[in-house]
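Worksheet: one structure, shown below.
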Amino acid sequence: GLIAAGNHAEAEKQLEPLVKANPDAAPLMALRGAAQLARKDFSSARRSFERALELDPKSSEAIGGLVTIDLASGNPTAARARVDAALKSQADRPDLLLLGARTAAAAKDLVAAEQYLRRVIQTDPTQLPAYLMLGQLYVGQRRLKDARQEFEVLAQKQTRPVAALTMLGILAQVQGDTAGAQQQFERAMEIDPRAPIAANNLAWLYAERGENLDRALQLAQEASRALPNSAEIQDTL
């Protein structure tokens with residue numbers, strides 16, 4: 001909270017006794033790194049994040065912090081190498097794949113960013129940030145038509161194309177095709193009545209138009225139960 005409020009000195013003051021009492025706690029070391037990074041003390045932040053990784057090689061906070069430092073220091077090659085190294089032993093971690101996508105995008109490698117995002121959705125179809133980022137990537141490249149065609153083919157090939165249909169719904173939303181988006185989300189939910197992303201976005205469409213509000217509430221509640229820590233879904237609810 002203090003870091004988010006910009007009170008970095010007080011954040012570090014609160015952290016120091018915790019770190020001294022628990023010198024082998026990776027989350028505390030990563031949090032100290034975040035506080036140091038927030039005030040742009042890159043050298044101290046790097047030491048804290050590296051110590052956190054020594055204690056917990058799977059710490060996504062530490063890996064993400066070091067990647068941020070690499071990018072801020074103008075070294076995207078090091079940042080991408082760091083992500084690739086982490087993914088070698090943890091190939092299916094959605095948070096690392098998302099980090100890989102953001103890192104590739106920061107390095108202007110949009111092809112790699114798209115590949116990472118597709119892997120995220122394939123690995124975990126409930127990752128809303130991946131859908132949103134992929135949609136933004138297509139918008140930025142003006143590839144909405146091509147993207148819709150590609151996901152339509154994918155939906156035809158798969159036996160349970162929940163992710164493909166959800167992505168088609170999001171692309172239709174971006175293009176202002178509300179009716180088409182609603183149709184795709186409803187198709188996704190026919191296959192999986194608990195598909196949280198489709199449920200959330202369908203609820204949003206209903207609520208935005210002031211229609212089927214009882215159904216919208218039910219959908220939003222279902223999505224919230226599946227993904228209780230999603231800010232976007234809480235916003236819909």
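The values are calculated or read from the model by the stated rules, or taken from the named source; none is laboratory data. Computed from a predicted model, the values in this text were never measured in an experiment. A quick note on method: Cβ atoms are made from the backbone with ideal geometry, for glycine too, and the neighbour counts reach across all protein chains shown. Just so you know, the surface numbers come from the protein's heavy atoms only, side chains and all, with ligands and any DNA or RNA stripped out. Shrake-Rupley method; radii C 1.70, N 1.55, O 1.52, S 1.80 Å.
Taken over region 93-110, the criterion of being within 14 Å of the chain's Cα centre (by Cα) and open to solvent by 40 Å² or more (accessible area, probe 1.4 Å) is satisfied by Arg93, Asp95, Arg102. Annotation note: Cβ proximity below 7 Å between a residue of region 77-97 that is touching a residue at least 12 places away in the same chain (Cβ under 8 Å) and a residue that is surrounded by 19 or more Cβ atoms within 10 Å (Cβ to Cβ) and polar (S, T, N, Q) (sequence gap 6+ or interchain) occurs for Ala79/Thr103; Arg80/Thr103; Val83/Thr103; Pro94/Gln127.
In region 166-178, the condition of being open to solvent by 70 Å² or more (accessible area, probe 1.4 Å) and over 22 Å from Glu114 (Cα atoms) is met by no residue.
Each row is one residue, and each column tells you yes or no for (1) closer than 23 Å to Ala188 by Cα; (2) touching a residue at least 60 places away in the same chain (Cβ under 8 Å); (3) part of a helix (DSSP H, G or I).
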| position | (1), (2), (3) |
| --- | --- |
| Ala104 | no, no, yes |
| Lys108 | no, no, no |
| Ala113 | no, no, yes |
| Tyr116 | yes, no, yes |
| Ile121 | yes, no, yes |
| Pro125 | yes, yes, no |
| Tyr131 | yes, yes, yes |
| Gly135 | yes, no, yes |
| Tyr138 | yes, no, yes |
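Scanning region 124-149 for residues that are of a type in the set (Val, Ile, Thr) and open to solvent by less than 60 Å² (accessible area, probe 1.4 Å) returns a single hit, Thr126.
Identification of helices (runs of 4 or more DSSP H) wholly contained in region 29-98 with 2 or more residues that are within 17 Å of Leu15 (Cα to Cα) yields 42-55, 60-72. Could you grab me the full set of residues in region 205-232 that are touching a residue at least 60 places away in the same chain (Cβ under 8 Å) and touching a Pro at 6+ places or on another chain (Cβ under 7 Å)? Residues satisfying the conditions are Ala226, Leu227. Scanning region 165-196 for residues that are closer than 16 Å to Phe151 by Cα and either in contact (Cβ under 8 Å) with a residue 60 or more places away in the chain or among the basic types (Lys, Arg) (or both) yields one hit, Arg187.
Listed here are the residues, each with its yes/no results for (1) within 25 Å of the chain's Cα centre (by Cα); (2) open to solvent by less than 40 Å² (accessible area, probe 1.4 Å).
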{"position": "Glu10", "(1), (2)": "no, no"}
{"position": "Ala26", "(1), (2)": "yes, yes"}
{"position": "Lys40", "(1), (2)": "yes, no"}
{"position": "Arg47", "(1), (2)": "no, no"}
{"position": "Ala62", "(1), (2)": "yes, yes"}
